[in-house]
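What follows is a set of notes on a single structure, which appears directly below.
The values are calculated or read from the model by the stated rules, or taken from the named source; none is laboratory data. As the structure is a computational prediction, the values presented were derived from the model and not from experiment. All Cβ positions, glycine included, derive from the backbone under ideal geometry; neighbour counts span all protein chains shown.
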Amino acid sequence: MSRSIRFSRRQVVRGLLATTAFGAATKLSGCSPSSEAGDDTSSAAGGSEEVIVGFIYVGPKDDFGYNQAHAEGAQAMAAVPGIRIIEEENVPETSAVLETMRSMIEIDGATVIFPTSFGYFDPYMLEMAAEFPEVQFFHAGGLYQEDIHPNNVGSYFGYIDEAQYVSGVVAGHMSETGQLGFVAAIPIPQVLRNINSFTLGARSINPAATTQVIFTGGWAEPIKEAEATNSMADQGIDVINCHVDSPKVVMETAEERGLYTVGYHANQAPLAPTGYLTGAEWDWESIYTALGQQFVEGKTLMAGDIDHVLRGGLAENFCKLSPYGPAVTAEAQADGEAAKEALVNGDLVIYKGELDSNDGEAILAADEEYEQQNIELEKMDWLIEGVKGSVGS
Amino acid sequence: MSPFLTLLIGILAGTLRGSAPFLFVSLGECITEKSGKINLGLEGTLLMGAMSAYGVSYLSAPTVGEFWAPWLGVAAAGISGMLLGVIHGWLSQQRRVNDVATGIAMIILGSGLAFFLGKPFIQPQAPQLLTFDLGGWSDSSQVQSTLRISPLFLIGVAIAPFLHWLFRSTRWGLYIRAVGDSPQAALAMGISPFKVRMLSIMAGSFLAGIGGACLSLYYPGVWTERISSGQGLMAVALVIFARWNPIQCLWASLLFGGTQAIGPAFQSIGIDSYYYLFNVAPYVLTLLIMIITCSPKKTLAGSPGALGMENED
């Protein structure tokens with residue numbers, strides 16, 4: 001008995017503390033690599049015939065959200081003759097992604113890599129791009145800067161905020177209180193742009209409309225997303241939109257509270273059959289198919305055959321709108337369609353003066369406007385007037 | 001309604017909704033630690049419980065109906081937890097095996113199994129547990145949703161005093177405490193420490209599995225791989241905070257459940273800075289508890305004597 005007294009309580013407590021921290025650090029990042037590469041072994045060395053393309057997702061491929069949209073696009077690329085895709089899901093935005101990219105390149109022989117999550121870019125993807133100058137890297141997001149970043153790095157992204165604007169028009173019509181809600185993950189430019197465009201769309205219909213933003217602080221925080229939706233319902237907000245990896249929790253919670261919902265990433269109508277208005281969906285299939293064909297033809301970023309910055313909106317099929325839900329009135333639908341038409345034709349510019357931020361700074365003067373392609377919009381760090389929330393953390 | 005009242009109700013609602021998993025896991029860990037073993041693996045058990053509850057509820061809904069399916073899910077969660085408990089109970093009692101190390105292995109096993117088996121259940125919607133709508137008297141939708149209480153939460157609240165009574169006034173409780181404080185004395189009394197510990201770990205894991213069912217079948221009511229966000233580990237720390245007393249586990253769980261709602265609730269009334277700080281509140285609380293309760297001068301009052309000791313031959 002006496003020999004074991006040495007294990008004092010405080011050692012136990014310390015042990016617990018250390019393991020809690022360790023466990024939390026490793027668990028919360030949720031690493032469970034599950035490569036779904038079909039027949040890796042067959043052609044690692046001699047696979048010069050087919051182009052091997054690696055896709056990396058931050059979450060599961062069937063999450064009703066961001067990753068599902070990319071995975072569906074990847075399947076479309078896989079259908080291009082001469083392309084073989086390898087995929088890995090649940091790769092955290094940590095050095096784990098370095099290992100994933102390295103093994104895709106060195107073991108599977110991938111010559112093109114699509115790290116689809118925002119946080120993969122800097123420093124992980126840049127580091128790999130410098131190490132493997134012959135491999136092409138495509139990043140979904142607006143972080144690429146010409147002259148600064150390596151030549152084998154490209155960037156593609158859709159102006160999905162056009163679809164958000166149209167959703168905003170519909171939401172502005174449908175909201176009785178004029179209070180809209182937006183559950184957002186992290187205040188990065190793409191998220192802020194969606195919030196702003198959604199609000200501008202709503203204010204084009206109801207100039208008094210406001211959007212309350214709640215940042216959860218992470219891309220996948222189911223409990224905080226549910227809490228945020230509930231607390232907005234408590235405020236009298238009656239339309240909820242979101243920008244998180246998987247909108248499933250937000251949609252289901254809002255439906256339960258009897259709110260209208262606007263979806264994101266993919267069509268969430270099955271999750272909220274009564275309250276679903278419309279939603280901004282990615283349409284990666286067209287862009288991925290086009291890129292796949294270019295890869296097979298031997299075109300590369302390095303040779304300058306493929307543009308380093310690929311952008312497009314509703315007109316270029318980078319994004320689309322969900323079919324209108326049963327609650328949407330004919331009037332709201334007509335205005336939504338009109339706004340969509342104007343965006344596709346290029347008659348409508350979303351960001352035009354006079355525009356102020358919600359902390360009183362002037363963004364655009366009366367005669368100025370930001371076209372969709374304007375790089376300023378990809379550096380957005382402001383919320384427009386009418387948004388309740390702040391970009392600071 | 002004034003913003004302040006809204007905030008208070010918001011946090012209260014978050015507490016009622018979010019504390020059930022903490023409660024079940026911490027009560028489970030309380031039983032386990034009373035018998036002298038630590039089960040860190042409850043994080044994995046929680047995930048496994050959440051996954052099996054959701055999966056069973058989804059798969060059985062066509063045969064048994066929308067009402068009974070989630071209850072079958074709850075039972076499945078408990079049983080899957082118990083199976084993981086058997087592994088931990090057996091492993092951690094082998095000679096010269098450290099239960100903390102085994103627990104970490106069990107976290108990885110439990111979460112890995114749950115992620116692997118749970119792949120097909122991320123997308124479909126499973127029937128959810130019924131809730132008691134105690135807020136029907138109010139016409140404020142906020143109050144109504146606050147008082148929409150899960151029966152699992154009520155069961156958890158009832159288990160806390162029951163366990164307290166069990167430990168204090170029953171023969172079984174005495175066995176558990178005896179094994180936890182002095183296995184030799186228990187052995188001399190003719191009690192098998194191995195069996196008692198095994199049963200305690202199994203009972204604890206059963207409760208933790210049901211905690212997982214609260215996550216996937218009540219709130220937030222989905223199965224995703226990020227569902228637990230470390231709650232299982234926090235609940236283990238919480239047992240120490242509660243000094244191995246089931247009643248205090250209840251209060252501690254409510255406190256932890258409430259802190260989860262602070263970040264979103266503050267932002268919704270316009271306090272939009274520092275949400276990262278509010279969001280880490282539960283973790284900061286855990287650290288503070290550890291620092292406060294960790295004294296080099298004395299052992300903690302209420303700590304089972306044999307906790308963390310090496311296994312006897």
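Table: residues versus (1) more than 30 Å from A:E256 (Cα to Cα); (2) within 14 Å of chain A (Cβ to nearest Cβ).
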{"residue": "B:I79", "(1), (2)": "no, no"}
{"residue": "B:I104", "(1), (2)": "yes, yes"}
{"residue": "B:D133", "(1), (2)": "no, yes"}
{"residue": "B:S150", "(1), (2)": "no, yes"}
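When the helices (runs of 4 or more DSSP H) confined to the range B:198-313 are screened for residues that are within 19 Å of A:T19 (Cα to Cα), those reaching at least 2 such residues are found at B:231-241, B:281-293.
Could you go through the range A:90-108 and let me know if any residue there is touching a strand residue (DSSP E or B) at 6+ places or on another chain (Cβ under 8 Å), within 14 Å of another protein chain (Cβ to nearest Cβ) and either free of Cβ contacts under 8 Å to residues at least 24 places away in the same chain or not in a helix (DSSP H, G or I) (or both). Let's see the steps before the verdict.
Quick first cut of the range A:90-108, residues touching a strand residue (DSSP E or B) at 6+ places or on another chain (Cβ under 8 Å) only: A:91, A:97, A:100-101, A:104-105, A:108.
This time we only want the ones that are within 14 Å of another protein chain (Cβ to nearest Cβ), so: A:91.
In the following step, the residues that additionally are either free of Cβ contacts under 8 Å to residues at least 24 places away in the same chain or not in a helix (DSSP H, G or I) (or both) were identified as A:91.
Yes - at least one qualifying residue is present in the range A:90-108.
Close Cβ contacts (under 6 Å, 6 or more residues apart or on different chains) running from residues in the range B:110-121 that are within 17 Å of B:A208 (Cβ to Cβ) and more than 9 Å from chain A (Cβ to nearest Cβ) to residues that are part of a helix (DSSP H, G or I) and of a type in the set (V, I, T) comprise B:G110/B:T45. Scanning for something without any contact (Cβ under 8 Å) to a residue 40 or more places away in the chain, part of a helix (DSSP H, G or I) and either closer than 12 Å to B:L207 by Cα or away from chain A (no Cβ under 13 Å) (or both), does the range B:39-59 turn up at least one residue? Yes; the residues of the range B:39-59 include at least one that is without any contact (Cβ under 8 Å) to a residue 40 or more places away in the chain, part of a helix (DSSP H, G or I) and either closer than 12 Å to B:L207 by Cα or away from chain A (no Cβ under 13 Å) (or both).
Just so you know, in the range B:228-250 the residues that are more than 13 Å from the chain's Cα centre (by Cα) and at negative phi include one that is modelled with the lowest pLDDT, and it is B:F241. Applying the set (1) of a type outside the set (A, V, I, L, M); (2) farther than 21 Å from B:V56 by Cα; (3) touching a residue at least 12 places away in the same chain (Cβ under 8 Å); (4) not in a loop (DSSP other than H, G, I, E, B) to B:G73 leaves exactly one unmet item: (2).
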